[in-house]
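The values are calculated or read from the model by the stated rules, or taken from the named source; none is laboratory data. This one's a predicted model, so the numbers in the text were calculated from it and none came from an experiment. Note that each Cβ is placed from the backbone with ideal geometry, even for glycine, and that neighbours are counted across all protein chains shown.
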């Protein structure tokens with residue numbers, strides 16, 4: 001299975017341990033994994049200009065780093081959203097990437113999606129989880145699972161092992 005991991009953290013340390021554990025587990029399970037550092041990319045939100053659906057033939061009028069991740073939405077069998085939660089939702093960078101997916105409508109091949117969330121505080125995940133569940137429902141992609149971690153748990157071996165095993169078993 002070809003898996004695209006969209007890492008929405010603008011800072012290396014926020015989700016890096018969780019993403020690394022996921023990638024290790026998925027590769028150990030025989031999957032092909034490509035990580036996209038969306039949080040460090042310059043991706044503007046959708047303009048709703050409809051260029052992609054009128055003149056662009058599925059290509060966005062905006063030329064920015066979204067072009068680097070568009071193949072993930074077209075070619076991956078599974079999409080993993082990994083994001084720190086700063087204020088109740090996924091990062092703005094992930095949200096912009098999701099909005100820009102509008103140019104192709106829905107992922108072309110993806111049948112599964114997963115969500116990895118990290119935070120310094122417990123109980124702040126509901127908005128991000130609702131967004132992910134809505135995304136899965138709209139795109140008709142199966143949710144393979146949601147893993148959350150807060151505080152010291154973000155880098156604990158127990159949590160990282162849980163993530164590795166989850167990814168390996170996909």
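Between 72, 82, 110, which is in a loop (DSSP other than H, G, I, E, B) and buried (at least 16 other Cβ atoms within 10 Å of the Cβ)? First the steps, then the outcome.
Values: 72 fails: in a loop (DSSP other than H, G, I, E, B); 82 fails: in a loop (DSSP other than H, G, I, E, B).
The match here is 110.
Tally time: how many residues in the stretch 113-126 are more than 12 Å from the chain's Cα centre (by Cα), without any contact (Cβ under 8 Å) to a residue 40 or more places away in the chain and outside any loop (DSSP other than H, G, I, E, B)? Talk me through it step by step, then tell me what you get.
As a first pass, look at the stretch 113-126 and keep what is more than 12 Å from the chain's Cα centre (by Cα): 118-126.
Still in the list and also without any contact (Cβ under 8 Å) to a residue 40 or more places away in the chain: 119-124, 126.
In the following step, the residues that additionally are outside any loop (DSSP other than H, G, I, E, B) were identified as 119, 126.
Number satisfying all stated conditions: 2.
Any residue in the stretch 85-104 that is in contact (Cβ under 8 Å) with a residue 60 or more places away in the chain, over 12 Å from the mean Cα position of the chain (by Cα), crowded, with 16+ Cβ neighbours inside 10 Å and under 18 Å from residue 145 (Cβ atoms)?
no
Sort out which residues of the stretch 112-142 are modelled with pLDDT of 95 or more, more than 16 Å from residue 94 (Cβ to Cβ) and touching a strand residue (DSSP E or B) at 6+ places or on another chain (Cβ under 6 Å), and write them in order of number.
Result: 112, 142.
Restricting attention to the stretch 18-40, report how many residues are outside any strand (DSSP E or B) and surrounded by fewer than 18 Cβ atoms within 10 Å (Cβ to Cβ). Explain how you work it out, then say what you get.
If we filter the stretch 18-40 for residues that are outside any strand (DSSP E or B), which is where we start, we get 18-31, 37-40.
From what is left, the residues that are surrounded by fewer than 18 Cβ atoms within 10 Å (Cβ to Cβ) are 20, 24, 27-31, 40.
Matching residues across the stretch 18-40 total 8.
Could you please give the count of residues in the stretch 149-170 that are in contact with a strand residue (DSSP E or B) (Cβ under 9 Å, 6 or more places away or on another chain) and over 12 Å from residue 116 (Cβ atoms)?
Going through the stretch 149-170 one residue at a time, the tally reaches 6.
For the stretch 136-170, name all the residues that are in a helix (DSSP H, G or I), in contact (Cβ under 8 Å) with a residue 40 or more places away in the chain and either buried (at least 17 other Cβ atoms within 10 Å of the Cβ) or out of contact with any helix residue (DSSP H, G or I) (no Cβ under 8 Å at 6 or more places or on another chain) (or both).
First, the residues of the stretch 136-170 that are in a helix (DSSP H, G or I): 136-139, 151-155, 157-168.
Cutting the leftovers down to in contact (Cβ under 8 Å) with a residue 40 or more places away in the chain gives us 154-155, 159-161, 163-168.
154, 159, 160, 163, 164, 166, 167 - these are the residues of the stretch 136-170 that are in a helix (DSSP H, G or I), in contact (Cβ under 8 Å) with a residue 40 or more places away in the chain and either buried (at least 17 other Cβ atoms within 10 Å of the Cβ) or out of contact with any helix residue (DSSP H, G or I) (no Cβ under 8 Å at 6 or more places or on another chain) (or both).
Considering only residues that are in contact with a strand residue (DSSP E or B) (Cβ under 8 Å, 6 or more places away or on another chain) and over 16 Å from residue 71 (Cα atoms), which ones fall in the stretch 14-48? Show your work before the answer.
So the first thing to find is which residues in the stretch 14-48 are in contact with a strand residue (DSSP E or B) (Cβ under 8 Å, 6 or more places away or on another chain), and the list is 14-16, 18-19, 22-23, 26-27, 31-39.
Within the stretch 14-48, 14, 15, 16, 18, 19, 22, 23, 26, 27, 31, 39 meet the criteria.
Can you tell me which of (1) at pLDDT below 95; (2) closer than 23 Å to residue 64 by Cα is the one residue 83 doesn't meet?
If we test residue 83 against (1) at pLDDT below 95; (2) closer than 23 Å to residue 64 by Cα, just (1) comes out false.
Which condition breaks for residue 72 when tested against (1) at negative phi; (2) modelled with pLDDT under 95; (3) touching a helix residue (DSSP H, G or I) at 6+ places or on another chain (Cβ under 6 Å)?
(3)
So residue 23 fits all but one of (1) touching a residue at least 12 places away in the same chain (Cβ under 8 Å); (2) on the phi > 0 side of the Ramachandran plot; what number is the exception?
Just one mismatch for residue 23, condition (2).
Quick check on the stretch 1-17: of everything there that is more than 11 Å from the chain's Cα centre (by Cα) and in contact (Cβ under 8 Å) with a residue 40 or more places away in the chain, which residue is surrounded by the most Cβ atoms within 10 Å (Cβ to Cβ)? Talk me through it step by step, then tell me what you get.
Within the stretch 1-17, the subset more than 11 Å from the chain's Cα centre (by Cα) is 1-2, 10-17.
The next check asks that each one be in contact (Cβ under 8 Å) with a residue 40 or more places away in the chain; those that pass are 1-2, 10-11, 14-15, 17.
Working: 1: 15, 2: 14, 10: 16, 11: 11, 14: 23, 15: 25, 17: 18.
Looking at residues that are more than 11 Å from the chain's Cα centre (by Cα) and in contact (Cβ under 8 Å) with a residue 40 or more places away in the chain, I get 15.
Testing residue 64 on (1) part of a helix (DSSP H, G or I); (2) within 16 Å of residue 100 (Cα to Cα), one condition comes back false. Which one is that?
Evaluating residue 64 over (1) part of a helix (DSSP H, G or I); (2) within 16 Å of residue 100 (Cα to Cα) leaves (1) as the failure.
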